[in-house]
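One structure is given here, and the rest of the page talks about it.
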């Protein structure tokens, strides 16, 4: 039985540091079964050894910050600060103050000197999230930091030198933004020394069952629901859903299901999702009816086999067919898993 640990029970600074690290690693744990995500992680591990700037791209909710934190945690700077800046969350004037700081009296309301986040991140890593939403004026200032390692606090002409590793992320197509003259090409090339692209969840469905298990385990522990599990019908619904919000949407759906369910088994109605209607748009128009039926059967059997980790007996039970018939279909459709 796991013993609950409270911070008040931890005496030494070293023990407190270890406690915080363990909590952070659990919070920012990456679940990866798909080859595509494992490749991203392998590249991130290689990139962590260097000081090179890294651009992480992917749809919203795919886990770009998780990869950035992994890189920092594996880097020589791991004991130094990891600072997160959401470039889309603040207007330009506030973003500049947050990043570079200001002197007392630099503007109305500046009652004291405030260090910026680049100073806070000195010798560590700064993560610039949603950098594609940054204004042209801020792009120039960020470019200077990357090129020269210096910037100015607002209200002070003396340059400040910092040693910061920059990781940026965006769900925008920066190449297209450069083409449209909305993003500086010189800044893009500075940021894009190493490029990591995270595929959306719908393209790596092998990750879904272990992600669901991880989320359920975490919420079970938080809420003390030792008997909670998930039905096969619910898992099939999850596997069939498009997940436009990716991992973040999946986590939120599981949390909602755990909180609002019966504390024993997660049922389909607990998820508040329905089968992706646009799935119909993925059917190739021009197929015969039999070809469409075969396409659906092939995809459905593949997902069920992934759910059971290739266990044909369990898959046959879920599909309510004979195991020998399932084996014949697997051979017919070339679904060896």
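Laboratory data are not the source of any read-out in this text; all were calculated from the coordinates shown. These numbers were taken from a predicted model, which means no experiment stands behind them. Counting neighbours? That spans all protein chains shown, and the Cβs are built from the backbone with ideal geometry, glycine included.
On a C-alpha basis, how far is the centre of region 190-225 from the centre of region 124-161 in Å? Whole number, if you could?
Region 190-225 and region 124-161 have Cα centres separated by 31 Å.
Considering the Cα trace of region 40-160, what is its radius of gyration and what is Dmax, both in angstroms?
Considering region 40-160 through its Cα atoms, Rg and Dmax are 15.3, 49 Å.
Taking only the alpha carbons of region 202-333, what extent do you get along each of the three principal axes, in Å, biggest first?
In descending order, the Cα extents are 49, 33, 22 Å.
Match the structure shown to one of the listed values (1) 16.6; (2) 22.0; (3) 23.1 of mean projected area of the Cα convex hull in nm², computed from it, and give that label.
The calculated read-out lines up with (3).
Helix 13-27 sits at what angle to the longest principal axis of the chain, using alpha carbons and giving 0 to 90 degrees rounded to 10?
That helix lies at roughly 50 degrees to the long axis.
Just to confirm the number: angle between the C-alpha axis of helix 289-307 and the first principal axis of the chain, 0 to 90 degrees, nearest 10?
70
Place the peptides 292-298, 79-85 in order of packing, highest mean first, counting for every residue the other Cβ atoms within 10 Å and averaging per peptide.
On the way: 292-298: 13.9, 79-85: 17.0.
Highest to lowest by the protection proxy: 79-85, 292-298.
If we sort 152-161, 262-271, 117-126 on the protection proxy, mean other Cβ atoms within 10 Å, highest first, what's the order? If you can, show how the numbers build up before the last one.
Working: 152-161: 13.5, 262-271: 15.5, 117-126: 19.9.
For the peptides 152-161, 262-271, 117-126, the packing ranking is 117-126, 262-271, 152-161.
Which of 87, 272 has the fewest other C-beta atoms within 10 Å, and how do the rest follow up to the most? Each step should come with its number before you reach the end.
Numbers: 87 23, 272 11.
Neighbour counts put them in this order, fewest first: 272, 87.
Taking the 0 to 90 degree range and rounding to the nearest ten, how far is the long axis of helix 136-148 tilted relative to the main principal axis of the chain, both from C-alpha atoms?
80
Rounded to the nearest 500, what is the 222 nm mean residue ellipticity of the chain from helices alone, with -39500 (n - 2.57) per DSSP H run of 4+ residues and division by all residues?
Working: 14 runs with 157 residues, N = 337.
After summing the helix terms and dividing by residue count, I get -14000 deg cm²/dmol.
Students often check this: by mean Cβ neighbours within 10 Å, which of 97-109, 194-206 ranks highest, and how do the rest follow? Before the final figure, lay out the partial values.
Numbers: 97-109: 15.9, 194-206: 17.8.
Taking the mean over residues of other Cβ atoms within 10 Å, the ranking is 194-206, 97-109.
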